[in-house]
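Beneath this line is the structure, given in structure tokens, with notes to follow.
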Amino acid sequence: MASEAPAAGRPRRDWRASLRIYLSPPSLRMLALGFAAGLPLLLVLGTLSFRLREAGIDRSTIGYLSWVGLAYGFKWAWAPLVDRVPLPGLTRLLGRRRAWLLLAQLGVMAGLVAMAWADPRVSLAAVVWSALAVAFASATQDIALDAYRIESAPTDAQPALAASYQTGYRLAMIWAGAGVLWLAARAQGDASGYQHEAWRQAYLVMAASMLPGLLTLLRSPEPAPQPLAPARSVGEWLRTALIEPFADFLRRYRWQAALILALIAVYRISDVVMGIMANPFYVDMGYTKDEVAAVTKVYGVAMTLLGAFVGGSLALRFGVMRILMLGALLSALTNLLFAWLAGHGHSLPALIAVVSADNLASGMASAAFVGYLSSLTNLSYSATQYALFSSLMLMLPKFIAGFSGDYVNAFGYAGFFTSTALLGLPVLLLVALAARVPTRHAGQNEPVAQAGDAP
């Protein structure tokens, strides 16, 4: 359509107009909704591992409980349901996207309240089932919110909405990481050891922190409904919703698809496997809640954002694959710094230095990896294919991470961190091989070479 093509005489926005878009209602809505999306993640993974270790739960059990995060890795399995199936009553009242978002947000709040009341020393199973409910509802919220964002604004406004979403998401991670530790520390006062009442108060505040996103959702307009081609049978629906997006990828890359999928499956393995034992490590090293909150949850997130900015800028200058290689190398090397810290002992300056390097490397790797995944998708199936790729990225690392507690018990923290660094070596080889696979867009029989992208 003519309206979709950029007009030759369209005036370029000045910088004031470009900045004003971030104060527009759609951007502000996405800021609040991004906050709601980012809040649950650490509460069922990183922060929870700190809480469990302080409660005296052994490292092996904490490692196995990290499998709760696999809910995010399998969200592609029910994404077609969120995309197409109406909710009785709610869809008629709110629309398809907002109905699913409301259900997911209420599920997150209910799960966090249950986590607040469950004492891991009395019933660990109650904590696990509550965390699993939060993870499932949170992954559902991610699916619905991606669709809501894409359908709520034209293409030229999407970068601003994505930036607002990411800002809200990162602010929520600071609040769910540093905020919950700070709240628990304040509620605990001078008492030592695990205090369940302090953690209960902190998690109840986290549940209440979902309210701004929920109220924003209720006051937000439903995007114009997208027409869905009716399926003549369940088999046809499954083929178009699940099978065809994956088949399209295989048709474009043929045997090279196996190489690309292998790279996606292991690229973040060093970071993910190491990250499960990071909080138990801080507890065992004697770092306080306030120290961990300030250094790893506030300062660390800031360094991740800086790394993402640096990685994105370098990828534009030198090509995605070169920065993908650099990110993989730095992510593995920075794990060796944690091995050094394990032998160095309790030191706040050392912790700051190690966390700074690790999060900077992680941000760079993440920025390059998102760019790489985006380049692989067919626009006709962008949401489903991206969900498949991002899910595959987590499955193997999360599974291996479940055994991380056993490994620490057997070999100690220094041996564990060194081993996670060695896990990154095969990644370097896969990046080098994948750099020789040109991008193939939909409908192309010939590859598109990417100049300057080979490392």
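Checking each residue in the stretch 46-64 for being surrounded by fewer than 24 Cβ atoms within 10 Å (Cβ to Cβ) and closer than 30 Å to residue 148 by Cα picks out only 46.
Scanning the stretch 281-299 for residues that are modelled with pLDDT of 90 or more and more than 18 Å from residue 353 (Cβ to Cβ) yields one hit, 284. Is there a residue in the stretch 333-355 that is assigned to a helix (DSSP H, G or I), among the small types (Gly, Ala, Ser) and within 22 Å of the chain's Cα centre (by Cα)? Within the stretch 333-355 (the criterion being assigned to a helix (DSSP H, G or I), among the small types (Gly, Ala, Ser) and within 22 Å of the chain's Cα centre (by Cα)), the answer is no, since none of the residues qualifies. In the stretch 18-26 there is no residue matching the filter, namely being crowded, with 23+ Cβ neighbours inside 10 Å, over 27 Å from residue 282 (Cβ atoms) and basic (Lys, Arg).
Assigned by TED's automatic domain parsing to the domain that holds residue 393, in contact with a Gly (Cβ under 8 Å, 6 or more places away or on another chain), aliphatic (A, V, I, L, M) and within 30 Å of residue 352 (Cβ to Cβ): does that describe residue 302? It is false that residue 302 is assigned by TED's automatic domain parsing to the domain that holds residue 393, in contact with a Gly (Cβ under 8 Å, 6 or more places away or on another chain), aliphatic (A, V, I, L, M) and within 30 Å of residue 352 (Cβ to Cβ).
Please work out if residue 364 is closer than 16 Å to residue 266 by Cβ, at pLDDT 80 or above and not hydroxyl-bearing (Ser, Thr, Tyr). It is false that residue 364 is closer than 16 Å to residue 266 by Cβ, at pLDDT 80 or above and not hydroxyl-bearing (Ser, Thr, Tyr).
Going through (1) at pLDDT 85 or above; (2) in contact with a Lys or Arg (Cβ under 8 Å, 6 or more places away or on another chain) one by one, residue 323 falls short only on (2). Annotation: residue 355 fulfils all but one of (1) at pLDDT 90 or above; (2) β-branched (Val, Ile, Thr); (3) out of contact with any Ser or Thr (no Cβ under 8 Å at 6 or more places or on another chain); the unmet one is (3). Scanning the stretch 252-293 for residues that are out of contact with any Leu (no Cβ under 9 Å at 6 or more places or on another chain) and of a type in the set (Gly, Ala, Ser), we see that the one that is surrounded by the most Cβ atoms within 10 Å (Cβ to Cβ) is 278. Tell me whether the stretch 89-110 contains one or more residues that are part of a loop (DSSP other than H, G, I, E, B) and either touching a helix residue (DSSP H, G or I) at 6+ places or on another chain (Cβ under 7 Å) or modelled with pLDDT under 80 (or both). Among the residues of the stretch 89-110, not one is part of a loop (DSSP other than H, G, I, E, B) and either touching a helix residue (DSSP H, G or I) at 6+ places or on another chain (Cβ under 7 Å) or modelled with pLDDT under 80 (or both), which makes the answer no.
Contact map, the stretch 38-53: residues that are within 10 Å of residue 138 (Cβ to Cβ) paired with residues that are in a loop (DSSP other than H, G, I, E, B), Cβ distance under 8 Å, separation 6+ or inter-chain. Pairs shown: 39/209; 39/210. Cβ contacts < 7 Å: first residue assigned to a helix (DSSP H, G or I), restricted to the stretch 409-433; second residue among the charged types (D, E, K, R) and buried (at least 16 other Cβ atoms within 10 Å of the Cβ), any location; separation 6+ or different chain. Result? Partner pairs satisfying both residue conditions: 409/59.
The values are calculated or read from the model by the stated rules, or taken from the named source; none is laboratory data. All values derive from a computational prediction rather than experimental measurement. Quick reminder, even Gly has a Cβ in these numbers, built from the backbone with ideal geometry, and neighbours come from all protein chains shown.
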